[in-house]
Amino acid sequence: QVQLVESGGGLVQAGGSLRLSCAVSGSIFSFNYMGWYRQAPGKQRELVAGITRGGTRNYADSKQGRFTISRDNAKNTVDLQMNGLKPEDTAVYYCKAQLDRVNYWGQGTQVTVSS
């Protein structure tokens, strides 16, 4: 059974940085795509950044330049480095792994950015 566990969330002031990490049971190399999503109160879950098995990255437009996604196949982790955080980045951040059109989700980690 696939398990994803996020960590690294917390409270940070505007302009600060956080690094989220997603630990995956099993080899992440088996997954076609892995991504970070977020969901703010009252809003739909949205893509933040993703990375394919081959290492191709994609970002939501507003995150380009501030956020960086990376994967470590040896450690089976996918990280999200977030810099220049803004209050509007406040949300629960979720890790997703996709394998053959099946999506697996973590439980989420809270990120709160104070102004």
* Which order do R19, R53, R101 take by accessible area at a 1.4 Å probe, largest first? -> R101, R19, R53
* the chain, relative contact order in percent, only Cα pairs under 8 angstrom and at least six apart counted -> 37
* **Where the chain is the region considered: accessible area per residue in Å², 1.4 Å probe** => 52
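Using a probe of 1.4 angstrom, how much of the accessible area of the chain is carbon and sulfur, in percent?
Numbers: 2840 of 6010 Å².
That fraction is 47 percent.
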* To do: Please give the peptides 78-84, 23-29 ranked by average Cβ packing (other Cβ atoms within 10 Å per residue), highest first, as a rough proxy for protection.
  => 78-84, 23-29
* With the contact rule set at Cα under 8 Å and sequence spacing of 6 or more, what percent relative contact order holds for segment 1-50? -> 27
* By the gyration tensor of its Cα atoms, with a ≥ b ≥ c the square roots of the eigenvalues, what is the shape of segment 1-106: rounded for a/c under 1.5, prolate for a/b over b/c, or oblate? -> prolate
* Over the heavy atoms of Y37, what accessible area does a 1.4 Å probe trace out, to the nearest 10 Å²? -> 40
* Return the FRET efficiency for the residue pair N73, N103: r is the Cβ-Cβ distance, R0 is 25 Å, and the value is rounded to the nearest 0.05. => 0.80
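The values are calculated or read from the model by the stated rules, or taken from the named source; none is laboratory data. The structure displayed is predicted, hence computed values, not measured ones. Heads up, the Cβs are rebuilt from the backbone with ideal geometry, glycines too, and the neighbour counts pull from every protein chain shown. Only protein heavy atoms, including side chains, enter the accessible area calculation; ligands, DNA and RNA are left aside. Shrake-Rupley method; radii C 1.70, N 1.55, O 1.52, S 1.80 Å.
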